[in-house]
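For reference, the structure discussed in these notes is given below.
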Amino acid sequence: MSAFFKNIKIQMIFFTWMALFFASCSESGEKSVFPESNEASVRFEAALATVPLADSLVLDLSGPEALHKSYTENFSDAKISLVPGVWNFKARFYANGILLQQGETSQILKAGDDVNISINMHAVAGFLYVKIPLGAGNPLGISSGKLEVSGAGTSESEAFSVDKLYATVASGILKLDSSYSVKLFLFNSQRDTLYSYSGTVSLSSENFVPIWDLSSLRANARFSIVSDSSASFSAVGHLPSKTRGPKAGDLFITEFSVSLKPKFIEYYNSSLDTLNLDGCAMAFLSASSSSPKDFVDTLNAVKLPPQSFFIAGSDSADFADVKGSLTMPSTKGSLIFHCRDIIIDSLYYVNTKDAGDSLQAFPISDKGTTQLPLLNFDKRSSGNAWCAGEPSPHTETSCK
């Protein structure tokens, strides 16, 4: 369209608007008020606790209109466009099917606003969450368990959920500002009691979802309450502590970077014991070589606790536990962890370009690292068990 016709179109729109404007004036000369057509851009930030079993953040908005929004991800960061006016915002946060926190605020919004609205949340109830590692292959044979909670008019028994790596359980809704007696039991397939514990816990607005994370059933058991407060307690289990050398299956790779710099390899202690890595080393075997080459010196005086990570990295990997010359190509090769000539773990990887019809490619990218979700440990030789994501050293995967 030429500039001439554009100008004519603009002028026609202008005169049409002016005609409507004057026509809307009353005979007394008063002009009607035209509502703003623009919207305000609003970002909500709810001060939520980091808790397991998070379900949803629900927003109820009332103002020029009524809106109901529900978010199951990115709970503390929601964005929406709203018409100008006076708005009231109510937020409710659910986890484990329980209303845990709620908050409310008001705001006057004007056309074209781009505002952040913080909603201060306060706890209204709580629950207890227990997570116990089983170790790869479940060497203790734990098949079931139960959690008993009593106090403040509550008496319940909840069964553990047992998967390949963990036994977990959550209580029902618990009142705040109350103390509870807690018992937990773990059983084998014959219903023999393998582990038991009893104690007390108090819930408050600062500690409304206590998380009991038992680091190892073999070690002197320490339960840690993770919360906004500094409260913690410990209990000694009846199984003896144990430190030993690793055997096949105890360690396996959970993350590696052969394309994205810095290069590194992350190993995970899946056993229930502390592993003494004296005499162990890490090596790489290329497709063109007949023998592996160590790229990290022998690991002396290294003791790796259960359910913890150990990283070997290049010189620029500040987060690495040990450093070495990691000369791993992004095409294909084998990563080997061995102790006194005994192979503890090995992984053959191959990227998409070099994978043949009979090989499953690993997600190797220069934009992320290759990661193994822990529950896929028994399928780790297959590229399909891995995913690519943002680097997450010393923690579980950032991808699925």
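The values are calculated or read from the model by the stated rules, or taken from the named source; none is laboratory data. Note that the coordinates shown come from a computational prediction; the quantities given were computed from them, not determined experimentally. Methodologically, a virtual Cβ is constructed for each residue, glycine included, from the backbone with ideal geometry; neighbour enumeration extends over all protein chains shown.
Couple of notes before you dig in:
- The number of residues in region 37-57 being β-branched (Val, Ile, Thr) and under 19 Å from Phe89 (Cβ atoms) comes to 1.
- Lys293 being within 22 Å of Pro391 (Cβ to Cβ), of a type in the set (D, E, K, R) and in the same structural domain as Lys379 (by TED's automatic domain parsing): no
- Listed by position, the strands (runs of 3 or more DSSP E) inside region 290-400 whose residues that are at pLDDT 90 or above and crowded, with 16+ Cβ neighbours inside 10 Å number at least 3 are 309-313, 332-339, 342-350, 369-371, 387-389.
- Of all the listed residues (Val182, Val115), the sole one being in a strand (DSSP E or B), surrounded by fewer than 18 Cβ atoms within 10 Å (Cβ to Cβ) and over 26 Å from the mean Cα position of the chain (by Cα) is Val115.
- When Gly368 is tested against (1) without any contact (Cβ under 8 Å) to a residue 12 or more places away in the chain; (2) under 15 Å from Leu260 (Cα atoms); (3) not polar (S, T, N, Q), exactly one condition is not met: (1).
- Any pair with Cβ under 8 angstrom, 6 or more apart, that starts in region 153-171 at a residue that is buried (at least 19 other Cβ atoms within 10 Å of the Cβ) and ends at one that is aromatic (Phe, Trp, Tyr) and in a strand (DSSP E or B): Val169/Tyr129; Ala170/Tyr129; Ser171/Tyr129
- Taking strands (runs of 3 or more DSSP E) as the structural unit, those lying wholly within region 41-90 and holding at least 2 residues that are assigned by TED's automatic domain parsing to the domain that holds Gln102 and free of Cβ contacts under 8 Å to residues at least 12 places away in the same chain correspond to 66-71.
- Lone qualifier among Phe264, Phe256, Phe252, Phe284 - being under 28 Å from Glu390 (Cβ atoms), in contact with a helix residue (DSSP H, G or I) (Cβ under 9 Å, 6 or more places away or on another chain) and surrounded by 17 or more Cβ atoms within 10 Å (Cβ to Cβ): Phe252
- Condition check for Val149: over 25 Å from Asn269 (Cβ atoms), buried (at least 18 other Cβ atoms within 10 Å of the Cβ) and not assigned by TED's automatic domain parsing to the domain that holds Tyr94: yes
- All positions within region 289-330 that are within 28 Å of the chain's Cα centre (by Cα) and among the hydroxyl-bearing types (Ser, Thr, Tyr): Ser308, Ser314, Ser316, Ser330
- For Val130: the one exception among (1) modelled with pLDDT of 90 or more; (2) exposed (fewer than 14 other Cβ atoms within 10 Å of the Cβ); (3) in a strand (DSSP E or B); (4) of a type outside the set (Lys, Arg): (2)
Results for (1) more than 19 Å from Leu186 (Cβ to Cβ); (2) modelled with pLDDT under 90; (3) among the acidic types (Asp, Glu); (4) in contact with a strand residue (DSSP E or B) (Cβ under 6 Å, 6 or more places away or on another chain), shown as yes or no for each residue.
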position	(1), (2), (3), (4)
Ile211	no, yes, no, yes
Val226	yes, yes, no, yes
Tyr267	yes, no, no, yes
Leu272	no, yes, no, no
Leu275	yes, no, no, yes
Phe284	yes, no, no, yes
